[in-house]
Amino acid sequence: PSCVSKKSITYFQNDTIDQSKVSNNYTTIFKPDDLLQITISAQDLEAVQPFNLPAVTFDVGTGRALGQPIQQTYLIDSEGNIDFPILGMLKIGGSTREETIHLFKSKLDPDYVKNPTINIRITNFKITIQGDVRAPGTYTIPNERITIMEALGLAGDTNISGQRYNVKVIREEGDKKNEYMVDLRSNKLFTSPVYYLQQNDLVYVEPNYAKAQSASYNQNTLLFISISS
């Protein structure tokens, strides 16, 4: 650690922030395998009841419901569709929250519900952080909004040996997995397309050369000892 240069570990030391490109707006885009909780509300409670089905667990032997009913959730399939009560198959994969809410309103009003309010939440919004961090793992994010720095904070920050100039974000976009490289030492981070993470993003912090060599040496040493034994 004493050999590590300050320039290689200090965040936000390079470049100036281009305020014209900084945006605090984050747009959620629904994707296949998202598990959605969709709540329809309106003044007419009876009218919205068929669209807010409870999910219950039954005892196979007695046929009785177990526990308290919870709100039904809807899984977006590989084609981007959900099967919603009465309305049937709806294509929402690839749509923003605002576009999806508009779709629901157009389907409901005025035939089923007048002036409905639609609330949509992703219940399995998660990101994965791997590599040279203190606490790698998969983290569930309850509010659907997290920056890459907040994500690294959840993982206990990068280790001293982590390459802050070479952080990779792998993101599913359509039917592809795209890679983005991020330099945590640069203020250009704040205008990066991956500054705000999306659901299922993978953040990988690569270890520096010395740590990678050390790990390789330790593994080879253990193998040599095992063979000798």
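The values are calculated or read from the model by the stated rules, or taken from the named source; none is laboratory data. This is a predicted model, so every value here is computed, not measured. Please note: Cβ atoms are built from the backbone with ideal geometry, for glycine as well, and neighbour counts cover all protein chains shown. For the accessible areas, the whole protein counts, side chains as well, though only heavy atoms, and no ligand, DNA or RNA atoms are used. Shrake-Rupley method; radii C 1.70, N 1.55, O 1.52, S 1.80 Å.
Here are the numbers for this structure:
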read-out: The one condition in (1) under 17 Å from the mean Cα position of the chain (by Cα); (2) open to solvent by less than 70 Å² (accessible area, probe 1.4 Å) that Gln163 fails to fulfil; value: (1)
read-out: When residues of segment 159-199 are limited to those that are among the aliphatic types (A, V, I, L, M) and either assigned to a loop (DSSP other than H, G, I, E, B) or touching a residue at least 60 places away in the same chain (Cβ under 8 Å) (or both), the one farthest from Ile122 (Cα to Cα); value: Ile160
read-out: Residue check, Asn178 of a type outside the set (Ser, Thr, Tyr) and closer than 15 Å to Lys31 by Cβ; value: yes
read-out: Test result for Tyr74, crowded, with 17+ Cβ neighbours inside 10 Å and under 16 Å from Gln37 (Cα atoms); value: yes
read-out: Among (1) open to solvent by 40 Å² or more (accessible area, probe 1.4 Å); (2) of a type in the set (Val, Ile, Thr); (3) over 14 Å from Leu35 (Cβ atoms); (4) more than 16 Å from the chain's Cα centre (by Cα), the one test that Val133 misses; value: (1)
read-out: Count of segment 115-131 residues which are aliphatic (A, V, I, L, M) and within 24 Å of Leu45 (Cβ to Cβ); value: 2
read-out: Odd one out for Thr39, checked against (1) open to solvent by 60 Å² or more (accessible area, probe 1.4 Å); (2) assigned to a strand (DSSP E or B); (3) at pLDDT 90 or above; value: (1)
read-out: From the options Leu103, Leu154, Leu87, residue that is of a type in the set (A, V, I, L, M, F, W, C), under 30 Å from Glu206 (Cβ atoms) and at pLDDT 95 or above; value: Leu154
read-out: In segment 42-51, the residues that are outside any loop (DSSP other than H, G, I, E, B), in contact (Cβ under 8 Å) with a residue 24 or more places away in the chain and open to solvent by 50 Å² or more (accessible area, probe 1.4 Å); value: Pro50
read-out: Residue in segment 106-116 that is open to solvent by less than 80 Å² (accessible area, probe 1.4 Å), touching an Asp or Glu at 6+ places or on another chain (Cβ under 9 Å), under 21 Å from Pro32 (Cβ atoms) and assigned to a loop (DSSP other than H, G, I, E, B) present; value: no
read-out: Residue check for Leu103: in contact with a Lys or Arg (Cβ under 9 Å, 6 or more places away or on another chain) and under 23 Å from Pro54 (Cβ atoms); value: no
